[in-house]
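Written below as structure tokens is the structure these notes are about.
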Amino acid sequence: MTVQEKLEALKKQKTPYSTEELDRRGWARYEELRDELEARHQGEYVAIEVDSGAYFLGKTPEEAFAQAEKSCPGKVFYLVRIGYKAAHKLKSA
């Protein structure tokens with residue numbers, strides 16, 4: 001499953017969090033980990049499980065999600081590209 005397909009599937013799932021709450025919780029945890037992650041994993045991806053704060057690294061978004069889902073099936077994750085403000089850049093045609 002591609003990242004785009006995964007994102008579309010996640011949009012259809014019911015979660016206990018609004019988008020804003022998911023962003024707030026995920027970004028707060030990233031802020032706690034920022035120095036460590038940016039020193040060792042710049043440009044990689046981190047999927048953060050927002051309830052426990054557990055995090056999973058990958059060189060690609062798919063790799064980070066795969067590790068996260070294997071460890072925490074059915075949970076909601078916040079994806080960040082380490083050292084960037086967003087995981088992906090979107091451009092219209």
| In terms of modelled amide H atoms, which long-range or inter-chain residues lie less than 5 Å from the amide H of F77? | none
| query | By how many nm would the segment from E5 to S52 grow when fully extended, if each residue of separation counts as 0.36 nm and the alpha-carbon distance is taken off? | reply | 14.4 nm
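Every number in this text was worked out from the coordinates using simple rules, so none of it is lab data. Worth saying up front: this structure is predicted, and the values here are computed from it rather than measured.
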